[in-house]
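Novice: The following block contains the structure, expressed as structure tokens.
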Amino acid sequence: MPHSIQNYQIHALELGPMENFVYLIHDRESGNAAIVDPAWDVPAVFDVVEREGMRITDILLTHSHHDHINGIEAVLERVDAQIHLLKPEAQFWGQAPGCPTLHHGGDRLSVGKTEIEILHSPGHTPGSACYRLGDDLITGDTLFVFGCGRCDLAGGDPEQMFHTLKRLRENLPPSSVIHPGHNYATQPVSTLEEQARCNPFMHFHEVDDFVRYRMVEHDRIRHTPYLPECQ
């Protein structure tokens, strides 16, 4: 079911062998839409696009790992869409297709009349981004429901991840609805308030303790689907 608030809808499609979420942000007034992290089954995405009468104008990337970008070329074969990503991620990636629009954290873009704020959320990769619109936050592999992204892949940095999660927890409304990059938990969405209470990665106050848990302990003691660990 689409998530509906104000003048837009967010459609979530779980696609591919890694339980990726591909999102469609549909501006209802204009009919324009953005695909977030196109991957795996582009025909399935366009089935929704055509059924809902959307017009794809933009591609928003949370980061450049293969499982989040392997459908870009297939999308561009069908529509003339503008790619958006953060400048630090383009530098890390080194091979962004076409001529993407490069952003800095705090920039805003519009899909129709739907305004989207781009948050720089490094930790999983140097230029990871979250996209904030209304009360919704599309978090990619930064923040999962009751989890967070790995920091042991190329470009990962657990200290940056600690500070990113701290900023999200402290600076955004607790009612913000989290839309993660993978369906790894017992529920597909959550609120930031629930994550602050029940996501173990949000419970650390010292960076060294977080780094030890993220890099050493977590993968030994937790398995998907993630369950809440409330305090």
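The values are calculated or read from the model by the stated rules, or taken from the named source; none is laboratory data. Note that this is a predicted model, so its numbers are computed, not measured. All Cβ positions, even for glycine, are placed from backbone atoms using ideal geometry, and neighbour counts span all protein chains on display.
Novice: Any residue at all in the range 195-214 that is crowded, with 19+ Cβ neighbours inside 10 Å and among the aliphatic types (A, V, I, L, M)?
Specialist: The answer is yes; a qualifying residue exists.
Novice: Hand me the list of strands (runs of 3 or more DSSP E) wholly inside the range 57-156 holding 2 or more residues that are in contact (Cβ under 8 Å) with a residue 60 or more places away in the chain and in contact with a Phe, Trp or Tyr (Cβ under 8 Å, 6 or more places away or on another chain).
Specialist: Counting at least 2 such residues, we get 114-120.
Novice: Hey, V45 hits all of (1) surrounded by fewer than 14 Cβ atoms within 10 Å (Cβ to Cβ); (2) at pLDDT 95 or above but one; which does it fall short on?
Specialist: (1)
Novice: So which residues in the range 57-68 are surrounded by fewer than 24 Cβ atoms within 10 Å (Cβ to Cβ) and either farther than 25 Å from A154 by Cβ or touching a strand residue (DSSP E or B) at 6+ places or on another chain (Cβ under 9 Å) (or both)?
Specialist: Selection gives T57, D58, S64, D67.
Novice: Can you find a residue that is closer than 19 Å to P126 by Cα, in contact (Cβ under 8 Å) with a residue 12 or more places away in the chain and touching an Asp or Glu at 6+ places or on another chain (Cβ under 7 Å) anywhere in the range 191-213?
Specialist: yes
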